[in-house]
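Following: one structure in structure tokens, then a few remarks.
The values are calculated or read from the model by the stated rules, or taken from the named source; none is laboratory data. Here the structure is a predicted model, which means the values were calculated and not measured. A quick note on method: Cβ atoms are made from the backbone with ideal geometry, for glycine too, and the neighbour counts reach across all protein chains shown.
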Amino acid sequence: MHDENEAIRSVFDGNGFTPPGFGGKSVAERLAEHPQGKMWQRRLAMSQWQVLRDNFEDDHCRAFMMGTPPSMCPPQYPMSGRSAYSAIRTSRPIPKGGSGILTQALAKFIEALNRVVLTNKAVTRLIIENGRCGGVEFADGSLYRAEKAVCPRSTSINWWT
């Protein structure tokens with residue numbers, strides 16, 4: 001996929017900074033002249049999911065490619081096929097041990113500053129004071145007040161005091 005993308009990149013990048021109608025050929029005209037143009041016309045009409053399904057056997061690889069980087073268009077939509085090449089076009093480093101290592105490192109950093117990180121606690125109420133969230137109440141009845149930040153995520157909360 002990398003080699004296919006590199007071979008055609010100039011066709012797509014050639015019009016990147018030229019408004020339509022202000023010189024140069026359109027992408028369709030450029031594809032018509034390119035040796036791999038017909039294949040790419042087909043790929044552009046396909047959905048991102050179809051392109052990934054055709055190129056990868058493993059669902060884990062397909063899922064990774066689908067979300068790296070996240071697309072603005074749902075992967076099943078027709079004409080989203082070029083998005084399948086996003087992970088190839090843009091470098092996205094993954095830390096050794098997986099992306100969860102980043103959150104663990106952040107938690108260790110916060111804790112090294114003598115702050116508290118609470119996770120996996122069901123929040124029942126946010127404590128709002130003067131238009132600002134100043135704390136939370138958890139399902140177990142415990143209350144925590146924040147000096148710096150409260151970062152809610154769905155029904156659980158990440159907490160820094």
- Filtered residue count, the stretch 50-75, keeping only those that are hydrophobic (A, V, I, L, M, F, W, C), assigned to a helix (DSSP H, G or I) and modelled with pLDDT of 90 or more: 2
- Note on the structure: Among residues of the stretch 77-95 being within 16 Å of the chain's Cα centre (by Cα) and over 16 Å from R9 (Cα atoms), the residue modelled with the highest pLDDT is S80
- Considering only the stretch 30-86, state which residues are of a type in the set (K, R) and surrounded by fewer than 14 Cβ atoms within 10 Å (Cβ to Cβ). K38, R42
- Task: Please state which of the following conditions L31 fails to meet, knowing it meets all the rest: (1) in a helix (DSSP H, G or I); (2) more than 24 Å from the chain's Cα centre (by Cα); (3) more than 20 Å from E6 (Cβ to Cβ).
- Result: (3)
